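The values are calculated or read from the model by the stated rules, or taken from the named source; none is laboratory data. Only a predicted model underlies this, so the values are computations on that prediction, with no experimental measurement involved. Note that we place each Cβ from the backbone using ideal geometry, even for glycine, and neighbour counts take in every protein chain shown.
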Amino acid sequence: MKNNTISNRITVIDALRGFALLGIIVNHCSQEFLAGPTPPSFPNFNIFSPSDAFFGQIMSYLTLGKFFTIFSFLFGLSFAIQMDSAAKDGRPFAGRMLWRILILFIIGFIHSMFYSGDILRIYAILGVFLLLMRNLNNRVILILGLLLVLNTPLIFVRIQTQFAPPPTAQQMEMGKKQGEGFVKMANETFNIKQNGTLAEVVKMNFHGGLLGTLGFQLFTGRLFITLGLFLLGLWAGRRKIFIENLGNKHFFQRLRIWSGVIALISTLTVIFLGGIVMGPPTLGWRGVIGATAFDIHQISLSVFYISVVTLIYWKTQPIFLRLLVAVGRMGLTTYLCGTAFGALTFFGYGLGLIGHIGVTASVIAGVIFFALQIPFSNWWLSKYQFGPVEWLWRSLTYAKAQIWKKENYSIVQNS
């Protein structure tokens, strides 16, 4: 029987995933793959000129968090598409998806040993919650998703702190010790990434562990936001808004306008109030409003990017976006290759460039790497049905080596 899972792909989704990967790699390069707190002993580790300072600020507003937002949304969207495909074919879904998520966690765990900024483990954990929530109705999924992406749980915490009594002397002393410990940790991790061996980096990342990552995700609210993005992706997949038709075009045209207006207002608010999550936090109600404006800035600008790219792809299919389709289809491979590039470029066991070149040079290096990924991905998928890691993930999911070469796949499909 012919399986249409591959042939019926919605290519604009792959183009969006490729676009998101470009932003993720460029943003990681702008931070020189530090994926941690800036060392207090070296606060401007990637600023060597006024142009670096200016470019770093621009990157913070245009790329910081936006492309992982898109990537996370697409995870939920892909989940919805796979669930729909299983239902149409009469295949069981929950058990196999849970096994698929477990494999993703293992891949993420291995990845985290080399790069502390791994997101795959978080995706796997939240994927279980998505699986449990998959049968909620669309209205509940949409409302809950919106509340979470706006970081509502953390907004309540921020407001509550404004009414809390002043800290006691004991609490202040404890806070001082915690601050000193944080400074020490930030300096040590930076030094290991800059000068350490591969074994030292792996050991550091292993001891940092999943609990440390979850703590950071919870403290910043990113855990809530990512789950909300999964839910919005699930909603979008159910509503089939990425199927090209007149109604969906009108939907994205309206979304582009509203998200653009909200992004502009929230971004100006962040600039005025200092709500961006870089450097010491702004205190008081000014900080509450600024931090909340930053959360709105993140999601609204991401939605604006999605709307613009989708409409451009549907209207003209420019060659750049068409070339990104292959990159998006090999999303997991591209993401892991990006880490390999970043680690070997910036960490001490590679070229050791972290802290030795500026933001501008780092971003240029990232763009060059991604530019090379485009012809590689297109060449690979001209010969093979899946990317290397995608093939491994799929083979482990089905406990059977999948047909890889395109000519062999075509023979089976048409038989």
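Quick test for you: out of Gly228, Gly196, pick the one residue that is in contact with a Gly (Cβ under 7 Å, 6 or more places away or on another chain) and within 22 Å of Thr38 (Cβ to Cβ).
Details: Gly228 fails: within 22 Å of Thr38 (Cβ to Cβ).
From the options Gly228, Gly196, the qualifying one is Gly196.
Mind checking which residues of region 1-36 are within 18 Å of the chain's Cα centre (by Cα) and at pLDDT below 90?
Of everything in region 1-36, those that are within 18 Å of the chain's Cα centre (by Cα) and at pLDDT below 90 turn out to be Ala35, Gly36.
Among Trp314, Trp404, which is in contact with a strand residue (DSSP E or B) (Cβ under 7 Å, 6 or more places away or on another chain) and hydrophobic (A, V, I, L, M, F, W, C)? Spell out how you get there, then give the answer.
On the way: Trp314 fails: in contact with a strand residue (DSSP E or B) (Cβ under 7 Å, 6 or more places away or on another chain).
Within the list Trp314, Trp404, the selection yields Trp404.
Could you count how many residues in region 267-286 are at pLDDT below 80 and either closer than 18 Å to Thr152 by Cα or among the small types (Gly, Ala, Ser) (or both)?
6
Residues to consider are Leu218, Leu214, Leu232; find the one that is under 23 Å from the mean Cα position of the chain (by Cα) and at pLDDT 95 or above. Steps first, answer last, please.
Working: Leu218 fails: at pLDDT 95 or above; Leu214 fails: at pLDDT 95 or above.
None of the other options fit; the residue is Leu232.
Filter region 165-208 down to residues that are surrounded by 14 or more Cβ atoms within 10 Å (Cβ to Cβ) and small (Gly, Ala, Ser) and give me whichever is nearest to Ala343 (Cα to Cα).
Gly196
Could you say which residue among Ile368, Ile411 is modelled with pLDDT of 95 or more and either surrounded by fewer than 16 Cβ atoms within 10 Å (Cβ to Cβ) or among the small types (Gly, Ala, Ser) (or both)?
Working: Ile411 fails: modelled with pLDDT of 95 or more.
It is Ile368.
Does any residue in region 385-402 that is closer than 14 Å to Cys337 by Cβ come within less than 9 Å, Cβ to Cβ, of a residue that is at pLDDT 90 or above and among the basic types (Lys, Arg) six or more places away or on a different chain, and which pairs are these?
Gly387/Arg329; Glu390/Arg329
For region 7-45, enumerate the residues that are acidic (Asp, Glu) and under 27 Å from Ile357 (Cα atoms).
To start, the set of residues in region 7-45 that are acidic (Asp, Glu) comprises 14, 32.
Glu32 - this is the single residue of region 7-45 that is acidic (Asp, Glu) and under 27 Å from Ile357 (Cα atoms).
Here is a list of conditions, (1) touching a helix residue (DSSP H, G or I) at 6+ places or on another chain (Cβ under 6 Å); (2) more than 30 Å from Leu198 (Cβ to Cβ); (3) not hydroxyl-bearing (Ser, Thr, Tyr), and Ala124 meets all of them except one; can you say which number that is?
With (1) touching a helix residue (DSSP H, G or I) at 6+ places or on another chain (Cβ under 6 Å); (2) more than 30 Å from Leu198 (Cβ to Cβ); (3) not hydroxyl-bearing (Ser, Thr, Tyr) applied to Ala124, the lone miss is (2).
Is it the case that some residue within region 18-35 is out of contact with any Phe, Trp or Tyr (no Cβ under 6 Å at 6 or more places or on another chain), assigned to a loop (DSSP other than H, G, I, E, B), over 25 Å from Phe272 (Cβ atoms) and touching a residue at least 24 places away in the same chain (Cβ under 8 Å)? Please lay out each step first, then the result.
Pass one, region 18-35, residues out of contact with any Phe, Trp or Tyr (no Cβ under 6 Å at 6 or more places or on another chain): 18-19, 21, 26-31, 34-35.
Filter again for assigned to a loop (DSSP other than H, G, I, E, B), leaving 31, 34-35.
Now restrict to residues that are over 25 Å from Phe272 (Cβ atoms): 34-35.
Cutting the leftovers down to touching a residue at least 24 places away in the same chain (Cβ under 8 Å) gives us 34-35.
Yes, some residue in region 18-35 is out of contact with any Phe, Trp or Tyr (no Cβ under 6 Å at 6 or more places or on another chain), assigned to a loop (DSSP other than H, G, I, E, B), over 25 Å from Phe272 (Cβ atoms) and touching a residue at least 24 places away in the same chain (Cβ under 8 Å).
May I ask you to list the residues in region 220-253 that are more than 15 Å from Val149 (Cα to Cα), of a type outside the set (D, E, K, R) and not in a loop (DSSP other than H, G, I, E, B)? Break it down stepwise before answering.
Applying the first criterion (more than 15 Å from Val149 (Cα to Cα)) to region 220-253 yields 237-253.
Then drop every residue that is not of a type outside the set (D, E, K, R), which leaves 237, 241-243, 245-248, 250-253.
Scanning region 220-253 gives Gly237, Leu246, Gly247, Asn248, His250, Phe251, Phe252, Gln253.
Where residues in region 141-160 are more than 14 Å from Leu229 (Cα to Cα) and free of Cβ contacts under 8 Å to residues at least 40 places away in the same chain, which of them is surrounded by the most Cβ atoms within 10 Å (Cβ to Cβ)?
Going residue by residue through region 141-160, those that are more than 14 Å from Leu229 (Cα to Cα) are 153-160.
Okay, now just the ones that are also free of Cβ contacts under 8 Å to residues at least 40 places away in the same chain, so 156-157, 160.
Values: Phe156: 10, Val157: 13, Gln160: 9.
Step by step, filter region 141-160, then rank; the result is Val157.
Quick check, is Tyr313 within 30 Å of Ile101 (Cβ to Cβ), over 18 Å from the mean Cα position of the chain (by Cα) and assigned to a helix (DSSP H, G or I)?
Working: within 30 Å of Ile101 (Cβ to Cβ): yes; over 18 Å from the mean Cα position of the chain (by Cα): yes; assigned to a helix (DSSP H, G or I): yes.
Answer is yes for this residue.
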